[in-house]
Amino acid sequence: NVEHPLIFNTFQTYLKDSSSRVMRNVERAEREGFHFAAKIVRGAYMVRERELASEEGRPSPILDTIEETHANFNGVVDFLLSRDGDANILIATHNQKSVELAIDAMARYGKSPEASGVYFGQLLGMADHLTMTLGANGFLAYKYVPYGPINEVLPYLVRRAHENSDVLGNAAMERRMMGSA
């Protein structure tokens, strides 16, 4: 990442130490002279991480509530957007409120939708209304398409659907929006 951001590290913001980990990595990039680049996600393995911590007799590394996780996700995104220069972040979320907060922060910090290194991403088939709206308004929006052996992809998709069950309630709204497009 010396000449330009090419490799994006993933930060799972359901982890208690994710905010400090992001800050340490930003400081390291500045100190060592390379571009910081990150994909910010809420997290993928909450249940398994908690089970593993319990089995090993150690405290859970996961934030205690979904509200804390949302606040941490939004705080990390705001911190990264507040930095000078291009943000070099992929905001990977199906959460409309987080997308709206990120867009507000982009405006507040002078980050243009199409040329500030800010990208939005959603899983194909989920939150299509967000991706379409972002793209239609000049934001860099991407669809993430998982692939691989069915025995590996299907459990991943089931976890995503479970974690985003509130998003699945938007299916009727998405169908209406698709019909009016």
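Read-outs: derived from the displayed coordinates by stated rules, not from any lab. Because the structure is a prediction, the values reported are computed rather than measured. All Cβ positions, even for glycine, are placed from backbone atoms using ideal geometry, and neighbour counts span all protein chains on display.
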Original post:
Given N residues in the stretch 23-82, what is Rg(Cα) / (2.2 N^0.38 Å)?
Top reply: 1.40
Original post:
Which value, in debye to the nearest 20, gives the size of the charge dipole of the chain about its Cα centre, when Lys and Arg are +1 and Asp and Glu are -1 at the Cβ?
Top reply: 200
Original post:
Just the projected area, averaged over all directions, of the convex hull on the alpha carbon atoms of the chain: how many nm²?
Top reply: 12.0
Subject >> Total formal charge among the other residues, if their Cβ is under 11 angstrom from that of GLY135, Lys/Arg +1 and Asp/Glu -1 >> reply: -1
**OP:** May I ask you to compute the full-extension gain from MET132 to SER54, defined as 0.36 nm times their residue separation minus their alpha-carbon distance, rounded to one decimal in nm?
**Re:** 24.0 nm
Original post:
Averaged over all directions, how much area does the convex hull of the C-alpha atoms of the stretch 84-142 cover when projected, in nm²?
Top reply: 3.5
**OP:** Please give the calculated 222 nm ellipticity per residue for the chain, where each DSSP H segment of at least 4 residues contributes -39500 (n - 2.57) and the sum is spread over every residue; nearest 500 deg cm²/dmol?
**Re:** -15500 deg cm²/dmol
**OP:** Mind giving me the FRET efficiency for ASP84 and ASN1? R0 is 22 Å, r the Cβ-Cβ distance, nearest 0.05 is fine.
**Re:** 0.85
